[in-house]
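Undergrad: Before I ask anything, let me first share the structure, which is written out below as structure tokens.
Just so it is clear, none of the values below were taken in a lab; they were calculated from the coordinates. Just so we're clear, the structure is a prediction, and the values are computed from it rather than from any experiment. Because the Cβ atoms are built from the backbone with ideal geometry, glycine has one as well, and the counts that use them run over all protein chains shown.
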């Protein structure tokens with residue numbers, strides 16, 4: 001990779017976004033952030049190449065084949081490998097390593113030649129020089145890449161690779177507002193919440209999938225800076241993973257800005273909320289950062305959110321958003337290892353695959369669940385015409401009466 005070319009590309013994208021973004025968003029998407037994004041994207045590509053070679057894809061793609069056929073040729077585990085392999089093949093096709101050949105309803109892939117051998121290390125070194133706070137994303141990706149071939153062969157569970165006790169430190173560092181590559185969703189979401197709270201009375205807010213607390217921290221920091229903490233009557237922080245909930249509670253209580261208004265509870269978004277202490281019509285807002293895309297049944301979870309909201313209550317979800325169908329997003333390299341990410345309940349209209357959703361799919365899903373006035377901050381549909389890889393947005397919608 002030519003780092004000078006990356007810098008030029010980042011500066012050009014920054015200039016375009018300055019014209020497209022609302023003023024409060026512009027500082028988040030500066031040239032430094034965009035350059036980090038581009039370097040990390042290339043880093044993931046090189047890790048994927050290494051995984052593909054170790055998993056035997058060079059030989060398995062010499063003749064055209066569907067993802068399922070290639071999985072079988074490479075003697076990989078069909079149950080676990082099919083979804084991540086389809087993603088790997090699409091990424092390699094987008095990078096020109098493979099040809100993508102239409103074959104009726106399926107797609108076939110064929111190698112154009114030998115796979116390039118590209119070293120990821122210079123990218124990590126460049127990131128360390130430019131913005132070292134983003135390095136947790138590199139450490140996580142490298143950790144996953146080492147065990148990826150064994151996962152594809154069915155020798156290890158993806159959940160064990162990612163979430164064993166020895167990996168907790170990885171997640172503490174990754175899900176941090178110091179890691180700009182992750183924190184961007186927290187900060188965009190915080191802006192969306194602050195805008196919705198303007199003109200509303202004190203709100204009762206429920207956060208879904210609060211993780212280690214960085215999303216709540218970013219939101220409360222922004223409201224405190226603006227002198228707006230009185231806009232929160234109650235902030236109910238919930239999380240499904242007990243270890244994450246404990247860590248999140250510790251982090252938030254250590255810097256509690258809402259004495260008597262901040263509560264913590266386990267909550268599984270795949271079960272009825274009322275059974276877990278969330279009464280119908282009791283919340284003004286439900287907030288989630290990079291959470292709803294892993295709901296097992298998105299229709300069910302959105303329905304539970306609607307029931308928990310008061311009339312004219314607001315859903316705000318800050319998400320990685322897939323710009324266009326089948327477009328691979330680099331974070332999927334890691335999360336395709338988990339069954340919850342790759343194997344949700346599908347819907348032919350708005351949930352045709354696991355992973356992230358497009359703007360159109362999010363709008364269809366949210367409206368089908370009984371919401372109106374679906375909006376994106378920033379306007380993804382407009383931006384993707386000029387910046388095809390832009391993937392960050394907060395999605396807001398109002399509970400229809």
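Undergrad: PRE reach from residue 75 (point 7 Å along Cα→Cβ): which of region 148-189 fall under 14 Å by backbone N?
TA: Answer for region 148-189: 150, 153-155.
Undergrad: Same structure, new question: Under a crude label model (7 Å from the Cα following the beta-carbon direction), how far is residue 256 from residue 99 in nanometres?
TA: For residue 256 paired with residue 99, the spin-label model returns 6.5 nm.
Undergrad: Write down the percent of antiparallel bridges among all DSSP beta bridges whose residues are both part of region 180-399, to the nearest 5.
TA: 40 percent
Undergrad: Also, I was wondering about something else. Compare 257, 50, 80 in a GNM of the chain, Cα atoms joined below 10 Å, and give the one with the largest fluctuation.
TA: For the chain, modelled as a Gaussian network with Cα springs under 10 Å, the answer is 257.
Undergrad: Something else now. Any chance you could give the angle, 0 to 90 degrees and rounded to 10, that helix 3-20 forms with the longest Cα principal axis of the chain?
TA: Once rounded, the angle reads 40 degrees.
Undergrad: A follow-up question, please. Could you check the simple spin-label distance between residue 198 and residue 230, using points 7 Å along Cα→Cβ, in nm with one decimal?
TA: 1.8 nm
Undergrad: Also: Run the numbers for residue 54 and residue 347: contour at 0.36 nm per residue of separation, minus the present Cα-Cα distance, in nm.
TA: Going from the current span to full extension adds 102.1 nm.
Undergrad: On to the next question. Suppose each label sits 7 Å from its Cα in the direction of the beta carbon; what would the residue 5-residue 340 distance come out to in nanometres?
TA: Rounded to a tenth, the inter-label distance reads 4.0 nm.
Undergrad: How much length is gained if the chain between residue 246 and residue 379 is pulled fully straight, taking 0.36 nm per residue apart and subtracting their Cα-Cα distance, in nm to one decimal?
TA: Taking residue 246 through residue 379 to full extension adds about 44.3 nm, to one decimal.
Undergrad: Let me ask something additional. For residue 160 and residue 265 in one chain, what is 0.36 nm times their gap in residues minus the Cα-Cα distance, to one decimal in nm?
TA: In short, 35.3 nm is gained.
Undergrad: Give me log10 I(q)/I(0) at q = 0.06, 0.12 Å⁻¹ for the chain, Debye formula, one equal scatterer per alpha-carbon, no solvent.
TA: Scattering profile of the chain, log10 relative to I(0): -0.24, -0.98.
Undergrad: For the Cα atoms of the chain, what angle does the longest principal axis make with the long axis of helix 135-152, in degrees from 0 to 90, nearest 10?
TA: On a 0 to 90 degree scale, this one is about 50.
Undergrad: Alpha carbon centre of region 57-96 versus region 238-302: separation in Å?
TA: 37 Å
Undergrad: For the chain, find the longest principal axis of its Cα atoms and tell me its angle to the long axis of helix 180-197, 0 to 90°, nearest 10.
TA: 30 degrees
Undergrad: Once you've got the GNM for the chain with C-alpha springs shorter than 10 Å, pick whichever of 187, 253, 90 has the biggest mean-square fluctuation.
TA: Top of the fluctuation ranking is 253.
Undergrad: A further question on this structure: Across all directions of projection, what mean area in square nanometres is found for the Cα convex hull of region 161-233? If you can, show how the numbers build up before the last one.
TA: On the way: hull surface 21.9 nm².
Hull-based average projected area comes out at 5.5 nm².
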